[in-house]
Amino acid sequence: MNSLQITKICKILGELLTGQEITIMFANLGINCELPDIDTKWKRIYNGVANECNKNNSYDPMIKIIEYIMSPSLFVERQNDFTDALDSLNTLLSFIGLKLLPTGKVIKVTPATTLDEATEVVSRLKADLHRFSIHPQILAFCRPEIISENLFHLIFESCKCLLAELRSISGLDLDGSTLVNRCFEGSNPIIVMNRFQTDDEKSDHNGLRSLLNAIVYLYRNPKAHTPKYLSNDTYQSTIEALIIISRARYALEKCVRNYTHKIN
């Protein structure tokens, strides 16, 4: 472990505690820090780690600090912070042959030698969703489902995110295919994604309408009416569904409210 790796780890840990909490941690762990309490948090952690590691000729003090700060019981009301820190720390720790478990304990593993190997220690689902450039709003909207890898509700919530955006653009308080058709129907539709004049432009418009309806019928409606335990969602089918829903969400970025259409 080199000083740059330690610095990056300490910067992550420094964001998780207050200055006072760091002081208490040093006292509880018997770690000596030569910097004043008002100094930068990550620098205080780095100083304490460096002092103890040099004294003991071991990285055990670093592990003790990581396990202290990453105790799950301290994150009951900050579960997203815990998950983000867990992923960030594991990416760094993987190169030195360590892994932080969700229990807050650090174990030894085979060191990673490539970025791909380091990424594998992070949630596979989260990594794949980023790899396929799933729309950021879907990632934010479905964060709890991604963290828990709840495939059934991930697809369902993604559909709800998509339809919520459609309601936001149109101003309509409808749902499902009724919402989609009301937005895109007629010669002067409520929502347009282009000038809606040429055959190609109208074809694009109708294509998006068909895609949105397909998502409603294939993914949204079955999830709304089928118990989770009867679902046959697989990891592969979930990724495929998210890619399709995400493409529709990106397409909505081109859509605007057509104010020449008067809603009755």
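Got at least one residue in region 34-43 being at pLDDT 90 or above, part of a helix (DSSP H, G or I), open to solvent by less than 30 Å² (accessible area, probe 1.4 Å) and not β-branched (V, I, T)? No, region 34-43 has no match at all. For region 112-135, the candidate set comprises residues that are at pLDDT 90 or above and in contact with a helix residue (DSSP H, G or I) (Cβ under 6 Å, 6 or more places away or on another chain); within that set, the residue that is most open to solvent (accessible area, probe 1.4 Å) is F132. Scanning region 19-28 for residues that are open to solvent by 20 Å² or more (accessible area, probe 1.4 Å) and within 33 Å of the chain's Cα centre (by Cα) yields a count of 5.
Pairs are defined by a Cβ separation below 6 Å, a sequence spacing of at least 6 or placement on different chains, a first member in region 246-257 that is closer than 15 Å to A214 by Cβ and in contact (Cβ under 8 Å) with a residue 24 or more places away in the chain, and a second member that is of a type in the set (A, V, I, L, M, F, W, C) and surrounded by fewer than 19 Cβ atoms within 10 Å (Cβ to Cβ); the pairs so defined are A248/L211. Restricting region 181-216 to residues that are without any contact (Cβ under 8 Å) to a residue 60 or more places away in the chain and of a type in the set (S, T, N, Q), the residue that is least open to solvent (accessible area, probe 1.4 Å) is N213.
In the set (1) in a helix (DSSP H, G or I); (2) open to solvent by less than 80 Å² (accessible area, probe 1.4 Å); (3) of a type outside the set (S, T, Y); (4) under 25 Å from R143 (Cβ atoms), G104 fails one condition alone, (1). Take L172 and tell me if it is free of Cβ contacts under 8 Å to residues at least 24 places away in the same chain, open to solvent by less than 60 Å² (accessible area, probe 1.4 Å), out of contact with any Pro (no Cβ under 7 Å at 6 or more places or on another chain) and more than 29 Å from D128 (Cα to Cα). Judged against the criteria, L172 is not a match.
The values are calculated or read from the model by the stated rules, or taken from the named source; none is laboratory data. This one's a predicted model, so the numbers in the text were calculated from it and none came from an experiment. Please note: Cβ atoms are built from the backbone with ideal geometry, for glycine as well, and neighbour counts cover all protein chains shown. Accessible surface areas use protein heavy atoms only, side chains included; no ligands, DNA or RNA. Shrake-Rupley method; radii C 1.70, N 1.55, O 1.52, S 1.80 Å.
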